[in-house]
Amino acid sequence: CGVYTERCARGLRCLPRQGEEKPLHALLHGTAVCLSEKSYREQAKAERESREHEEPTTSEMTEETYPPKAYRPKHGRLSELKAEALKKDRRKKLTLAKFVGMAENTAHPRVVIPELRQEFELGPCRRHMEASLQELKSSQRMVPRAVHLPNCDRKGFYKRKQCKPSRGRKRGLCWCVDKYGMKLPGTDFLSGDLQCHAFDSSNVE
């Protein structure tokens, strides 16, 4: 039977065969069959349930296609952060060493990028001087003699001879120290003519 053929008997309908790939094509070309609609529906339902049984569900397909994410413990993440921090520290030290080498080999050793200068230029004496100057700046009452400004060498360490400021014609008291500012044993506070060469002949005042 088909669209252009005679109608089926009473109680029957012209329907494509079960499993027909092109049901509309079958009806148009008269290759459909007269069937009981009730039995056709039951058969179609059974076939549909059978297909659903055989075909994997969407969730099953997802589980097979995308494997579960690998568990990454917290301590593993911490190890990664630690390794990254160590790597940054290593890079910083290499950069610092590079600029120190450049400063030593150039005719203008003081031409160094500002953020690295403090890393290797400010020795203990220079830091002492900076702190003293800051103290003078922040002081409401200027008393220069109350703040000792140390005598520093070019590398920021203490020179052997340290003296207090003069008072008019009277020269301040002097004493000898090591490069870290520690007073050398056997040296007393004397007038400005104190000589510290005897303690370190290699040091230049």
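Observations on the structure shown:
- Tabulated pairs, the range 162-174, first not assigned by TED's automatic domain parsing to the domain that holds F189, second surrounded by 11 or more Cβ atoms within 10 Å (Cβ to Cβ) and hydroxyl-bearing (S, T, Y), C-beta under 9 angstrom, 6+ apart or interchain: none
- Some residue of the range 103-116 being outside any strand (DSSP E or B) and at pLDDT 80 or above: no
- A Cβ distance below 8 Å, combined with a sequence gap of six or more or placement on separate chains, defines the contacts here; from the range 1-17, residues that are in contact (Cβ under 8 Å) with a residue 40 or more places away in the chain reach no residue that is assigned to a loop (DSSP other than H, G, I, E, B) and surrounded by 15 or more Cβ atoms within 10 Å (Cβ to Cβ).
The values are calculated or read from the model by the stated rules, or taken from the named source; none is laboratory data. On a predicted model such as this, the values are computed, not experimentally measured, just so you know. Here the Cβ is made from the backbone with ideal geometry for all residues, glycine too, and neighbour counts use every protein chain on show.
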